[in-house]
Amino acid sequence: MATSFKTFDPNKDSVVTRNLLHEAIPMTGTIVSGTYADLNIKNYSHGMFQSVYDYPFLSSSANHIFDLTCGYPATSSLSGASSTQNAKKINIYNQMAQVLAGFDAEGAVRRFDKDGDLTSGDKINEAYFINLTRLLSKDEVKKGSFTLSLGVNATYGSPFTETINITDASGSDGYKVNSPAGEYGILFANNGTGTPMATADPQPVGLLYYQAGIAVLTASVFGGILSSSAEMNASAETVDAVLSGSAISGNCDDLRHRFLNLSFNNSTELNSTVYFCRTNNTDFNYSSNPTYLSASKMVVKNNSQDVPVSYVTAVGLYSPDNELLAVAKLSEPLKKDPTTEFTIRVRLDY
Amino acid sequence: MGFLDNSGDIILDAVLTDLGRKRLAEGNGRFRVSKFALGDDEIDYGLYNKNASGGSAYYDINILQTPVLEAFTNNMSSMKSRLMSYSENDLLYLPVIVPATSLGESAFYTGLRSYIVLVDEETVNALTTNNNSLDAGLLNGYRPDMGTNLLRTDQGLNTAELSKDSPINPSLLETQYFVQIDNRLGFLRPSSGGDAENPAAFNPTTIDDDSIATYIFTANDGTRVVTNIAAGAESDINGPRGTRVALKLASSLDMRTSTFLFTQLGSQGTANITSGTKTLLAANYKFIDSTVRVSGVSTGYTLDIPVRFVKKTS
């Protein structure tokens, strides 16, 4: 009896696996701070955050790459009725904190902790937030791959004369799991160009939430950790002054002005089913291709004693109702005759 | 689709078809891979050179260099020719399926190499006076139970090198067929039976995301669609005969009652259609060209039969 289908043995012809796919995401600071004369920067009338695109955002070619915002809690020394957008900055901080740091036993919003030890230690009170879009971060930021370079030269006009590199270098083998938003690592700052930091040792300057794709940076990257505080705007204001005295969008502009480079790898979790299409020597040696026959006679045979031969270019996966559910194509034809056997491994990713 | 890179190791480019994605989205367990088939759509076996001077290593040198296209996601565009498994290695002839056009009732419409399906009563009445006497190749899609014209295919070894009186090798005998038709345009009907009030009908096994309905017919399944061709009986098969598929076509309700599909998919008539003394002028009808696909389930051979749906518009 002829047949063109071969049934899988469910116990041994398929297996489910999980794979991680990583992509490198390099982001040059010039895109963020000047290439498109800020046509790729979108500000909103509500003023709560600023969106950064990789191309002028009115173009359909533009991709949303990340959002910037900043804030502080009500307990911050910067909080006050005279501070610009004071309520919005508090709202932003609390929103980010309750999503990323969660609530304490009394139901109060936890503040971001510098070292991840929620029971004690310094808190991050004044913070910048870099929210990576899902387009870039995919399922998560790969641990240990995040590097952000910031220009921290004291003079506003030449920010990149001195730089620091902020990495989650400890993330690959030491990360925290006490966040409701998944795993996070501590961001450490090191000297990049020059020696702008007050101490040579790496300093904790923020948190990176891997699955959420959000980096929380303490405002002290432009102040307390440096030998000389950075001028955040043309008026030579300090970071604390602009955090309290400027709108969120102005603070985002100031951060972008000192944004040199950002790079990280993302991870996509692929769940795969691998089907082993086993072809024995007696299987699939003939073809129903119309060119296989000339007046019903096989063109690959001179007489009946010649071995039949066929060439595989595709594998079709079918349902019990013979519906074609998936197709796999080989990159070159594969010869099949009664002297050969092979197993074609077809992997479907979900 | 582009070609796959064939400069290095053999790689496999796998995709879910649009139908596979639909079944997955339905979430009702219909996405279940239970079997596989191998295909060779790109291969032209005419390139196989059994007389290559360099010997057998050179017989298929041109075939092995065939570039392979990336996988299509349309389920109807892939796996059109499947590889077959037969227990014997000494077969020299394989069966084919051909339209049985030498038989008067199932001949193509003269000069068109296609069947013409008249989709509504007005169109039928333009070519016959009693709904059932139409020239060969004209199928009454409005009342399939009327008239004798039908669509018919024969299966067997189409070679004069073997006697038509010889019985066909049982492993080459096809006993089950897939028949596919665009469900927007028409339905399959039995070659006899039914009337206007109670038309005999078949239910498709599946209808895919492109509205292609698949029917399955088996010999002795009671539908009388698949029958054996007696040895030596009249047929378009020159050698040993296998089985015959006989069907009629009914037009869909949309085709009967609306010109929408004809406007969207069809064209204005280009030639007059005649039956007996009656003529439907080209200017007075629109048509849609489609196919009915008949595939042998076990022998894998596929035949696309051209079908033209015609509607009188003025």
### Message
To test your reading of the geometry: what angle, between 0 and 90 degrees and rounded to tens, separates the Cα axis of helix A:248-257 from the longest principal axis of chain A?
### Response
70 degrees
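Give me a single rounded figure for B:64-74: the average over its residues of other chain Cβ atoms within 10 Å of their Cβ. Walk me through the intermediate numbers first.
Details: counts 5, 2, 4, 4, 9, 3, 3, 7, 3, 2, 2.
So the per-residue partner count for this stretch is 4.
Grab the Cα-Cα distance for A:VAL99 and A:ASP117, subtract it from 0.36 nm times how many residues apart they are, and report the gain in nm with one decimal.
Value of the extension gain: 4.8 nm.
What is the mean number of Cβ atoms from other protein chains located within 10 Å of the Cβ atom of each residue in peptide B:203-214, rounded to a whole number? Write down the numbers at each step before the final one.
Values: counts 0, 0, 3, 4, 0, 2, 0, 0, 0, 0, 0, 3.
Mean partner-chain Cβ count within 10 Å for B:203-214: 1.
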### Task
Divide by every residue of chain A the summed helix terms, -39500 (n - 2.57) for each DSSP H run of at least 4, and state the resulting mean residue ellipticity at 222 nm, rounded to the nearest 500 deg cm²/dmol.
-3000 deg cm²/dmol
### Query
Using a simple spin-label model with points 7 Å from Cα along the Cα→Cβ vector, what separation in nm is obtained for B:LEU24 and B:ASN272?
5.6 nm
### Query
What is the spin-label model distance, in nm, from A:THR273 to A:ASN178 if the labels are put 7 Å beyond Cα along the C-beta direction?
4.2 nm
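Once the Cβ-Cβ distance between B:SER258 and B:LYS50 is put in as r, and R0 is 56 Å, what FRET efficiency do you end up with, to the nearest 0.05?
Values: r = 55 Å, r/R0 = 0.98.
That pair, B:SER258 with B:LYS50, gives E of 0.55.
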### Query
Considering only Cα-Cα distances, which of the following residue pairs are longer than 31 Å: A:LYS301/B:LYS80; A:LYS138/A:LYS336; A:LYS329/B:LYS286?
A:LYS138/A:LYS336; A:LYS329/B:LYS286
### Query
For the stretch A:1-73, what is the charge dipole size about the Cα centre, in debye to the nearest 20, if Lys and Arg each add +1 at the Cβ and Asp and Glu each add -1 at the Cβ?
200 debye
### Query
For the stretch A:21-267, rounded, prolate or oblate, judged on the Cα gyration tensor with a ≥ b ≥ c (square roots of eigenvalues), a/c < 1.5 rounded, else prolate if a/b > b/c?
rounded
## Note on the structure
Rounded to the nearest 10 Å², the 1.4 Å probe accessible area of A:HIS257 is 50 Å²
### Query
Rounded to the nearest 100 Å², what is the sum over both chains of accessible area buried where A meets B, with a probe of 1.4 Å?
6900 Å²
### Task
Using a 1.4 angstrom probe on heavy atoms only, work out the carbon and sulfur share of the accessible area of the protein assembly as shown in %.
48 percent
### Message
Helix-only mean residue ellipticity at 222 nm, chain B, DSSP H runs n ≥ 4 weighted -39,500 (n - 2.57), per residue, nearest 500. What is it?
### Response
-2000 deg cm²/dmol
### chain A: angle of helix A:86-100 to the longest principal axis, Cα-based, in degrees nearest 10
40 degrees
### Query
With labels modelled as points extended 7 Å from the Cα through the Cβ direction, what inter-label distance (nm, one decimal) is found for B:GLN176 paired with A:ALA295?
3.4 nm
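Between exposed trypsin sites (Lys or Arg not before Pro) in chain B, where DSSP calls loop and at most 12 other Cβ atoms lie within 10 Å, what's the longest gap?
On the way: sites that count: B:LYS50, B:ARG113.
Counting only loop sites that pass the neighbour cut-off, the longest clear stretch is B:114-314.
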### Query
Working out 0.36 nm times the residue gap between A:ASN303 and A:ASN91, then minus their Cα-Cα distance, what length gain in nm do you get to one decimal?
67.9 nm
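With the other protein chains left in place, how much accessible area per residue, in square angstrom, belongs to the protein assembly as shown at a 1.4 angstrom probe? Don't skip to the end; give the middle numbers.
On the way: 27770 Å² over 664 residues.
I get 42 Å² per residue for the protein assembly as shown.
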## Note on the structure
Computed from the beta carbon distance with a Förster radius of 41 Å, FRET efficiency for A:THR17 and B:ALA201 to the nearest 0.05 stands at 0.35
### Query
For the charge dipole of the protein assembly as shown, defined by +1 on Lys and Arg C-beta atoms and -1 on Asp and Glu C-beta atoms about the Cα centroid, which residue among A:THR199, B:LEU265, A:GLY80 has the Cα displaced farthest towards the positive pole?
B:LEU265
### Query
How much accessible surface does A:THR30 have with a 1.4 Å probe, in Å² rounded to 10?
80 Å²
### Shielding by partners - mean other protein chain Cβ count within 10 Å, residues of B:156-163
3
### Message
If I take R0 = 60 Å and measure r between the Cβ atoms of B:ASN89 and A:THR193 in this structure, what FRET efficiency does the formula 1/(1 + (r/R0)^6) give, to the nearest 0.05?
### Response
0.20
### Query
If you place +1 on the Cβ of every Lys and Arg and -1 on the Cβ of every Asp and Glu, how big does the dipole about the Cα centre of the protein assembly as shown come out, in debye to the nearest 20?
1260 debye
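The values are calculated or read from the model by the stated rules, or taken from the named source; none is laboratory data. Keep in mind that what you see is a predicted model, and the values were worked out from it rather than measured. Don't worry about glycine lacking a Cβ; one is built from the backbone with ideal geometry, like all the others, and counts go over all protein chains shown. Heavy atoms of the whole protein, side chains included, go into the accessibility calculation; ligands, DNA and RNA do not. Shrake-Rupley method; radii C 1.70, N 1.55, O 1.52, S 1.80 Å.
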